[in-house]
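As structure tokens, the structure follows; a few thoughts come after it.
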Amino acid sequence: MRVVVPYAGRDPKSRLSERLTESERRAFARAMLRDVLDAIEAAGHDPVVLATEPVSVSDADVVVDDRPLTPAVNAVLARLDGSDGDGPAFADVARDGEVAVAMADLALATPEAVRRLADAEGTVVVAPGRGGGTNALVVRHPEFRVDYHGASYRDHRRIAEEVGASVRVVDSMRLSTDVDEPSDLAEVLLHGGGESRRWLREAGFELNIRGGRVGVVREA
Ligand SMILES: Nc1nc2c(ncn2[C@@H]2O[C@H](COP(=O)(O)OP(=O)(O)OP(=O)(O)O)[C@@H](O)[C@H]2O)c(=O)[nH]1
Ligand SMILES: C[C@H](OP(=O)(O)O)C(=O)O
């Protein structure tokens, strides 16, 4: 299945700016993107980065679309009813009748988690993110469209209901953990296995285990 991975490379991960400089956030966002692409490929699926500006990644197509997240993803979903876009970029979406969308900040994603998402039945499959977001979707319904930000998990369930889609929710710690805030860095150190964890370790981050929830500290 085609898995679209939205990626905003300019000033990414602004909610991490109290811990990371802008160039560090760019490098860390790239490391997370790499982990997501690796998980998708190892699951036997076909990632395509939907990027706001050109980005070089090995083993994955990149399509540049500088529109905001929601219209950029909806232009891909419109392929499912053949009503938008006639370039070659997402021709396989129309052919297959299905497409997945997985965010580039799912640093804990594994091939198993991606397979569970892709194999779930339902004409709309949703993997909720912490705090009300939507970390991954499979769309097999031609009329479903996204509306990201805010409580998008709730919005996507409502939109799916309105178009008559059958909804399945994937309950997955690995897909629900998007890395947005400093406390999420602890999850990467605890459960990550790829480039993102390596990048944090090399940048001097360690777990801070002092009672209560585990956090992170950075070596001076
Ligand atoms: N193509 C595209 N991807 C986007 C856009 N905005 C965010 N993304 C991607 O969508 C996913 C979720 O993004 P967010 O966590 O909401 O935003 P972020 O820019 O990564 O981080 P913050 O600045 O902290 O909000 C990430 O994979 C982003 O790279 C956009 O305008 N276009
Ligand atoms: C794009 C947005 O991501 P969040 O801001 O929740 O990480 C959402 O999932 O709607």
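Just so you know, all these numbers are worked out from the coordinates, no wet-lab data involved. Being a predicted model, the structure only gives us computed values, none of them experimental. Positions of Cβ are backbone-derived with ideal geometry, glycine not excepted, and every protein chain shown enters the neighbour counts.
Considering only V170, L106, N208, and ranking their Cα positions along the charge dipole of the chain that arises from unit charges at the beta-carbon of Lys, Arg, Asp and Glu, the one farthest toward the positive end is N208. The range 1-72 and the range 135-191 have Cα centres spaced 17 Å apart.
Farthest toward the positive end of the dipole of the chain, out of I40, S152, A8, is the Cα of S152, where the dipole comes from beta carbon charges about the Cα centre. Available extension along the chain between D66 and H149 is 28.2 nm, counting 0.36 nm per residue and deducting the alpha carbon span.
In terms of Cα atoms, the Rg and Dmax of the range 1-121 work out to 14.5, 45 Å. Applying the criteria of a DSSP loop state and at most 16 other Cβ atoms within 10 Å to the chymotrypsin sites (Phe, Trp or Tyr not before Pro) of the range 69-160 yields no site.
What is the pair-distance distribution P(r) of the chain, computed from all Cα-Cα distances in 10 Å bins starting at 0, with each bin given as a whole percent? In whole percents, the pair-distance histogram is 8, 35, 36, 16, 4, 0. Taking amide H atoms as placed 1.01 Å from N in the peptide plane, the amide H of A107 lies under 5 Å from those of V179, each 5 or more residues away in sequence or on another chain. Taking amide hydrogens as placed 1.01 Å from N in the peptide plane, the amide H of V216 sits under 5 Å from those of N208, each at least 5 positions away in sequence or on another chain.
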